[in-house]
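See below for the structure under consideration.
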Amino acid sequence: MAEASSNPEAATREGLYMERVFDAPVDLVWRAWTDPEHAKKWWGPADYTCPFAEIDLRVGGKSKMCMQDADGNKIWSVGTYKEIVPLKRIVTTDSFSDADGNIVPASHYGMEIDLPLEMMLTITFEDLGGGKTKMTLNHVGLGEMESGANEGWSQSFDKLAASLAA
């Protein structure tokens, strides 16, 4: 039997959970998530670009993002913002979509995995002082896609760190 965690936050985590400290102030890391032009610089794994990003940052507002691989294949996603605490927390749904923003199953992109049509994404931002920000990501609902998503988010965060330094 596993020991109970002394960290109460860890006891309630489910899905993919990642932490990353960026050498950038919290307002800049926040903008990277909330400004479409910033998001285009880092969204997607290492071999992908982000040719399209649309962000309507308000509760009930939507985001629509596109990742494109080197062969020109595009993967679209949409989300609906559920909670926004400026410079602190974003909670949004996360779904695969078509180019028009209609939710589609993963099989639309040739993925033979059983994913819910709607997953949840929570991003938190903590000002560590000295121009550093701790960001956490909790992506719930990935199931068997969790390890691949972990690699993809890690690569995205490497791109995010580079864009923040530029």
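Every read-out reported here was derived from the displayed coordinates using simple, explicitly stated rules and does not represent laboratory data. Remember, it's a predicted structure, so these values are computed and weren't measured experimentally. Glycine also receives a Cβ, built like all others from the backbone with ideal geometry; neighbour counts cover every protein chain displayed.
A few comments on the model shown:
- Residue-averaged [θ]222 nm for the chain, counting only DSSP H segments that reach four residues, each worth -39500 (n - 2.57): -6500 deg cm²/dmol
- Region 54-127: chymotrypsin sites (Phe, Trp or Tyr not before Pro) in DSSP coil with no more than 15 other Cβ atoms inside 10 Å: none
- With semi-axes defined as the square roots of five times the eigenvalues of the C-alpha gyration tensor, the equivalent ellipsoid of the chain measures 24, 21, 16 Å, largest first.
- For the pair His108 and Ala70, label points projected 7 Å from Cα toward Cβ lie 2.7 nm apart.
- Using a cutoff of 8 angstrom between alpha carbon atoms and counting only pairs six or more residues apart, the relative contact order for region 15-165 works out to 30 percent.
- Region 106-118 - phi-based ³J(HN,Hα) in whole Hz, Karplus 6.51/-1.76/1.60, Gly and Pro as x: 4, 4, 4, 9, x, 8, 9, 10, 8, 10, x, 5, 10
- Simple label model, 7 Å out from Cα along Cβ direction - Ala166 to Lys88, nm: 3.2 nm
- Cβ-derived FRET efficiency at R0 30 Å, Asp35 paired with Glu14, nearest 0.05: 0.55
- Most mobile listed residue (Met135, Met67, Met145) in the chain, GNM with C-alpha springs under 10 Å: Met145
- Computed over the chain with a Gaussian network model linking Cα atoms closer than 10 Å, the most mobile of Ala70, Ala106, Ala53 is Ala70.
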